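The next block holds one structure in the form of structure tokens; read it before the comments.
Throughout, read-outs are computed from the coordinates displayed, never taken from laboratory work. Just so it is clear, the structure is predicted and the values come from calculations on it, not from any experiment. Here Cβ is always computed from backbone atoms with ideal geometry, including for glycine, and neighbour counts include all displayed protein chains.
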Amino acid sequence: MNMHSKKVLIAAPVDAVLTEGLAAFGYECIVHENISQAIAYELIKDCVGVVTSTRLQLDKDLIDTARELKWIGRMGSGMEVIDLEYAAIKGITCFGSPEGNCNAVGEHALGMLLALIRRIVWSGREMEQGVWRREENRGIELEGRTVGIIGCGHTGRAFAKKLQGFDTRILAYDKYNCEGIPAHIVACKSLEQIFEEADIVSFHVPLQADTKHYFNEQFIAQMRKPFILINTSRGTVVDTTALLHGLSAGKVAGACLDVFEQEPLSGMDVVIAAQLTSLPNVVVTPHIAGYTFEALYKMSRVLLEKIKALP
């Protein structure tokens, strides 16, 4: 492939393996990690490629500005930042790199779950205040629990792999992709089995029309027993008000949240944000599940290989 210094806008933090690899492949990289939408309109005009994360919305207007655009690469998953239908009409190839950060997300989901059920975060807060409570912080074990995983893509399967050593029973449901599920996972044809049997429910789905507020009052009502919610996918997959109602009523036994309907939390209703962050049965982190040093390298490497494979 003879590129002769065709321009690529790098609008996300990436590892040098990507920029150096693109340069060696004949691309000129314009690196602007802290880009704004307004600045992008100027920089993207003569670019053949864009590497983005969450800062840019590759909508119709921005795509139309980039008249030379041939491809868009997404660090991680979350393709909702790209108008995929319009990009397809324009003949622009779009791809993500969920293979690169799925392990990080799987580890984080497990870490949050253990921190919750063993009361590591809450007892640690108490210890900071000089409070020593053993009986009140007695935890529960993962062994023998049933975990329902909704979304069987890279991250869902990575989380299931982490759970293998804990002797849990794993149920998985995916509306689109249940092919090739490992033998240790029970593939469900509907959510009914998860509603009936799950002690823990973990979401690993993209944000699209049919997943917005996937977790809502109706979802909670269909769960047979109190359960723990884990969300490391997208914030608007969970109806926050419904979650708080479920926690208050005891239908939701606890929650592990890495993503939120408004990010950062300063954009959320003050009362709701305060409730989420102060409950003893809720563990929160600032959208860092897939945000490790290793994941940055792996996502960059995945994108480089996909770019090299373009015709």
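Note on region 4-93: semi-axes of the ellipsoid equivalent to its C-alpha gyration tensor, largest first and rounded to whole Å, are 19, 14, 13. Dividing the helix sum by the residues of the chain, where each DSSP H run of 4 or more adds -39500 (n - 2.57), gives a mean residue ellipticity at 222 nm of -10500 deg cm²/dmol.
Between region 195-232 and region 121-163, the C-alpha centres lie 17 angstrom from each other.
Divide the volume of the convex hull around the Cα atoms of region 200-297 by the residue count and you get 107 Å³ per residue. Protection proxy ranking of 280-293, 177-190, by the mean of other Cβ atoms within 10 Å over each peptide's residues and highest first, is 280-293, 177-190. At full extension, I39 and E128 could sit 27.6 nm farther apart than now, given 0.36 nm per residue minus the alpha carbon distance. Taking 7 Å steps out from each Cα toward its Cβ at A249 and Y86 produces label points 4.0 nm apart. Annotation: lysines with alpha-carbon distance below 16 angstrom to K298 (same-chain offsets under eight excluded): K306, K308.
Ordering I194, G91, A12 by the projection of their Cα atoms onto the charge dipole of the chain, which places +1 on the Cβ of Lys and Arg and -1 on the Cβ of Asp and Glu, puts I194 at the extreme positive end. Candidate cross-link partners of K6 among the aspartates and glutamates, defined by an alpha-carbon separation under 12 Å and a same-chain spacing of 8 or more, comprise E28, D46, E68. Dipole orientation for the chain: of the candidates A23, S266, I44, A23 has the Cα lying most toward the positive pole (charges on Cβ; Lys, Arg +1; Asp, Glu -1).
Between the amide H of V31 and those of I10, distances stay under 5 Å, these residues lying 5 or more places away or on another chain, with hydrogens modeled in the peptide plane.
Computed log10 I(q)/I(0) for region 219-259 at 0.23, 0.33, 0.34 Å⁻¹: -0.72, -1.26, -1.29, from the Debye equation with unit scatterers placed on every C-alpha and solvent omitted.
Computed about its Cα centre, the charge dipole of the chain is approximately 440 debye, with only Lys, Arg, Asp and Glu carrying charge at their Cβ.
Counting other Cβ atoms within 10 Å of each Cβ, which GluC sites (Glu not before Pro) in region 9-116 have at most 14 and sit in a DSSP loop?
Details: sites: E20, E28, E33, E42, E68, E80, E85, E99, E107; in loops: E33, E68.
Answer by residue number: E33, E68.
Given (1) 121; (2) 161; (3) 149, which label gives volume of the Cα convex hull per residue in Å³ as computed from the coordinates? Checking each listed value against the structure points to (3).
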